[in-house]
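Coordinate-derived values only; no laboratory data. Fair warning: this is a prediction, and the values are worked out from it, not measured in the lab. Note: ideal-geometry Cβ built from the backbone for every residue, glycine included; neighbour counts use all protein chains shown.
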Amino acid sequence: MAVGRRPIFGEQQRFMLFLIAPAALLLLLFQVVPIAIGANASFRDWALYNPKKIWVGLAHYEAVLTDPAFLEVVLPNTFLFMVVSVFGALVVGLSLALLLNRPFWGQRLVQTILLVPLMVAPVIAAIMMRWMFNDQFGIVNAVLEGLGLEGQPWLVQRWTAFGVILLTDIWLWTPWFTLLLLAGLQSLPKEPFEAAEIDGTSTWRVFTHLTLPMLQPVIVVCVVIRAIDAFRTFDIVWTLTGGGPGRSTELFSLYAYVLAFLNLDLGRGSAAAIVGGLIILVVGIGMYRLVDRVTKS
Amino acid sequence: MAMVRQPLLFGWMPLIGRRALFALALFAICFLFAFPVLWLILTSLRPESGVYYVHRGTEFTLASFVEVLQEERLVQAFVNSALISTLATVFSLLVTVSSGYMLSRFKGPASSTWFGTIYVFRCVPYISWVIPLYFVSQSWGLYDTYLGLLLPHIAVHICFFSWLMKGFFDGIDPSMEHAALIDGCTRWGAFLRVALPSAIPAIAALGVLCWLFTWNEFLFALILTGNKVPMITVVMAQFVTEMGLRWNLMAATAVLALVPAFLLALFGQKYVIRGLRI
């Protein structure tokens, strides 16, 4: 953070307005208006095949909030997914960033290889994993059987399917952490590390007492960005399991999608979407407070 | 930095042993990371008869690629995805660079309100506004058209990219713009001729990310398009169910979809790494 940044142009409302007008207009038309319409639909009997649009009050919200599938499967799944996938990608990403933060022969090649998942579309990643974890012909089971272990029907059991989904997500998003944390590591001041070296501090203590605290603001920002994105994950679950077996791996986005477009009940789907939106908003604002506190201290 | 470091692990080993171990670990990590993509490429090169035992047999063929490329809908999807990604990148950058500049250079209620708005809308899950957007785009006649897909793709990046752009401009010293203003430059001049050129690396980084995000996006394409504007991700996801047993074709399609993203990321890597210091 640069010191002493003050408004350099003084009052120039028109200039400011022009700068944000296109963005604000697009935001209004494609996010605010749809959300308002969705909120309206969530109070009405709005089936896709027969939109009566009769006011039903909070009936849809009540239906969503008392749906055992939502309370006992979808919400726990979503939060579990959020925590494990973010934490997993953070740990792996940080380790790789530390690895890449020192010179060695072939460093650039390794870096390029480690960034590969960043280029892979989640849909493609899901297709790959589905093929690799195929119970009859997948390479994972072939290797397991080659080792004398028993192959698993990975995608038709709840927890193994959930594990594959998590693995795919962590694989996909690790480079994102690596990239941002590596940039963060490279912009840290050198002096404290040199001082620690002269004092003969052990590598582990340097990591826990210097690197980690100094990197904390970047870590927190990364975690917040990723956590909010993880909450709305749709494509990998849709392509890998479609929420199955049964509905046991459904995440929140899939739940709302299924209500709106497969059950063709736009009212209930919108209500679910709004409930989820409110939940993540509360989580998001809480996390923003955290970022604020960390970056200011 | 001094080159001699105290090793964290395996301190008892001689240096050469530690070096070998390090190289081995690096190789293992790279292999695990690249394996899914390598496996996909290998699958796409196997003939139909060999696809179920990819790891056995030595026949390789490009027949799957030829067959896939004869599929008209798929070629159309490639063109559409490339077109939408490129247009969305250009317009997203136009819109978010100026909005990020405003956030960085002005303080006060207007700026903090805009920042709050952006943060809140960044949190809103896509599904919460894409479900009703389906209706909005139908009633505006935008459903299943290029424009109906392009505009939401621009809108979705506003929040995140404005925020990143703000960070980039925060890192650029405003005193040059000060000087330009004192020398009689207009505000637009100071923005476009002074601040913008120094933000080029960051803009390049965002451009690469934006193109990749749009090329890889699935949910919008799934909900906002029907048959007229197929996008590559949706067509692929449909293939999984339609051609469930023809994995060689599936893999060939996926490999083809990877190529443009791969090339872009390879050439853009250096900008992304340099531009993403938050």
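How large is the helix-only mean residue ellipticity at 222 nm for the protein assembly as shown, computed as the sum of -39500 (n - 2.57) over DSSP H runs with n ≥ 4, divided by its residue count, in deg cm²/dmol to the nearest 500?
Taking each H run of at least 4 residues, the total per residue is -22000 deg cm²/dmol.
Under 15 Å from the Cβ of residue B:194, count the other residues' Cβ atoms, weight Lys and Arg +1, Asp and Glu -1, and hand me the total.
0
Holding the Cα-Cα limit at 27 Å, pick out from B:166/B:270; A:296/B:107; A:190/B:270; B:107/B:270 the pairs that are longer than that.
B:107/B:270
Using only Cα atoms, locate the centre of region B:29-61 and the centre of region A:186-236, then give the distance between them in Å, rounded to an integer.
37
Just want the answer: with Cβ charges of +1 for Lys and Arg and -1 for Asp and Glu, which residue in A:12, A:213, A:146 is farthest toward the dipole's positive end in chain A?
Of the candidates, A:12 comes out farthest on the positive side.
What list of ³J(HN,Hα) couplings, whole Hz, do you get for region A:27-38 from phi and the Karplus terms 6.51, -1.76, 1.60, once you set θ to phi - 60° and write x for glycine and proline?
Using θ = phi - 60°, the values come out as 4, 4, 5, 10, 10, 5, 4, x, 5, 4, 5, x Hz.
Report the calculated FRET efficiency for residue B:186 and residue B:58 (r = Cβ-Cβ distance, R0 = 45 Å), to the nearest 0.05.
0.05
Within 10 Å of each Cβ of B:36-46, how many other protein chain Cβ atoms are there on average?
Across B:36-46, the average partner-chain Cβ count within 10 Å equals 4.
Quick one: check the C-alpha center-to-center distance for region B:179-241 versus region B:115-157, whole angstrom.
15
Which of the three applies to region A:72-137, rounded, prolate or oblate, going by the alpha-carbon gyration tensor with a ≥ b ≥ c and a/c under 1.5 meaning rounded?
Cα axes put region A:72-137 in the oblate bin.
Dipole size in debye (nearest 20) for the protein assembly as shown around its Cα centre, Lys and Arg Cβ +1, Asp and Glu Cβ -1?
1260
Treating each Cα of region B:159-261 as an identical point scatterer and ignoring solvent, apply the Debye formula and state log10 I(q)/I(0) at q = 0.18, 0.21, 0.23 Å⁻¹.
Once normalised to I(0) and log-transformed, intensities are -0.90, -1.06, -1.18.
Does chain A come out rounded, prolate or oblate, given a ≥ b ≥ c as the square roots of the eigenvalues of its C-alpha gyration tensor, rounded meaning a/c under 1.5 and, failing that, prolate meaning a/b above b/c?
Oblate.
Over the residues of the protein assembly as shown, compute the C-alpha Rg and express it relative to 2.2 N^0.38 Å.
1.01
For region B:67-275, what is the Kirkwood estimate of the hydrodynamic radius, computed as the reciprocal of the mean inverse distance between distinct Cα atoms, to one decimal in Å?
When all Cα pairs of region B:67-275 are included, the Kirkwood radius is 18.9 Å.
With +1 assigned to the C-beta of every Lys and Arg and -1 to the C-beta of every Asp and Glu, and no other charges, what is the dipole magnitude of chain B about the Cα centre in debye, to the nearest 20?
Once rounded to the nearest 20, the dipole reads 920 debye.
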